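All remarks here apply to the structure that follows.
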Amino acid sequence: MTFSNTLMADSRFIRLRSTWYGRLHAITPVLILTLANQAQAQNDPQFIILGPALTTEYQGSDEYEAVPMLISKARLFETPIEIEGLTARAELFQHNHWKAGLTTELDFGRDSEVENTAVARMEEIDSALNAGIYLSREVPDLLLNDDALEFRMALFHDLSNAHQGAYGTLSASYELPLILPFKVEFELETTYANEDYMNTYFGVNPTDAAQSGFEDYQASHSFRDISFNTNIGIFTSPNWGGFVRLGVSQLLADAEDSPIVKAGDSTQYFVGLGVFYRLGD
């Protein structure tokens, strides 16, 4: 879905998914330099949004931590690349408002340094590299001139053996046309995961039960959550602006019923603030 105006040509603000939250301190400078060089070489109006955010320590936690937020769109070796925190997409096909390509998503798991002492005693979850494919369809000028509705489906599988599972996401986003210096976008997304994934993040095996005091819990394949997000862009010039993202995610089904979540919170919030910078001329 485009998030553009007359000041920024084809620039786009991208959706943020709840699972990208993590530590980008080491890779952010490299990503910015690489994307900036590619955008300038292509003379294509691309952008970077960078700033701080608050998110939960892990899925189901009621404790929050500060993390960096990175969103970008640029070209890498002629291929359009979108980055949303720890999620990246490479567009390999485009025709008549249809897009398809490859997607990857990092998940930093859960360590023993979380605030919840019971969860901290459980086995740690290693970082996961998930990869798959996506397909999207955009419907421009649906209700108003320059508005847009986009549907996207993505399928992921674990390549790192952290959870050895798979999951899929289905989302819809609606972007309003520019109103003065403001641009607003609304997003609705849900995730369905298989049993291996759900048990890794929400299950309690006998060892974890003995160490944490939680009851044994076997999570089955089910919907993981449903999320609603609002993105607001405030532009001060063709190249500069501010960005605000507000999100709420409700864990569902076997995720919500997990003892891990009951000891925390099934409603997860996200707040991010960023500076927008348009790359290139």
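Rounded, prolate or oblate: which one fits region 92-186, using the alpha carbon gyration tensor with axes a ≥ b ≥ c (rounded when a/c is under 1.5, else prolate when a/b beats b/c, else oblate)? Oblate is the answer for region 92-186, as a/c is 1.5 or above yet b/c matches or exceeds a/b.
For region 108-152, the convex hull spanned by the alpha carbon atoms encloses 145 Å³ per residue. When only Cα pairs below 8 angstrom with a gap of at least 6 residues are kept, region 193-281 shows a relative contact order of 29 percent. Placing +1 on the Cβ of every Lys and Arg and -1 on the Cβ of every Asp and Glu, with no other charges, gives region 73-147 a dipole of roughly 280 debye about its Cα centre. Counting only Cβ charges, +1 for Lys and Arg and -1 for Asp and Glu, the dipole size of region 151-213 around its Cα centre is about 140 debye. Seen through its C-alpha gyration tensor, with square-root eigenvalues sorted a ≥ b ≥ c, region 124-281 comes out prolate because a/c lies at 1.5 or above while a/b is bigger than b/c. Summary of the geometry: region 211-244 and region 52-91, compared by the centres of their Cα atoms, lie 10 Å apart. With a ≥ b ≥ c the root eigenvalues of the C-alpha gyration tensor of region 44-111, is it rounded (a/c under 1.5), prolate (a/b larger than b/c) or oblate? Verdict is prolate for region 44-111.
Its Cα gyration tensor gives region 225-281 an equivalent ellipsoid; the semi-axes, largest first and in whole Å, are 36, 9, 9.
Keeping the other protein chains in place, figure out the carbon and sulfur percent of the accessible area of region 47-125, with a 1.4 Å probe.
55 percent
Share of carbon and sulfur in the accessible area of region 190-247 stands at 61%, probe radius 1.4 Å.
Listed by chain and number, the lysines placed with their C-alpha closer than 30 angstrom to that of K99 are K73, K183; residues fewer than eight positions away on the same chain are left out.
The values are calculated or read from the model by the stated rules, or taken from the named source; none is laboratory data. Since this is a predicted model, take the numbers as computed values, not measurements. Glycine gets a Cβ as well: all are built from the backbone with ideal geometry, and neighbour counts include every protein chain shown. Note: areas computed on protein heavy atoms with side chains; ligands, DNA, RNA excluded. Shrake-Rupley method; radii C 1.70, N 1.55, O 1.52, S 1.80 Å.
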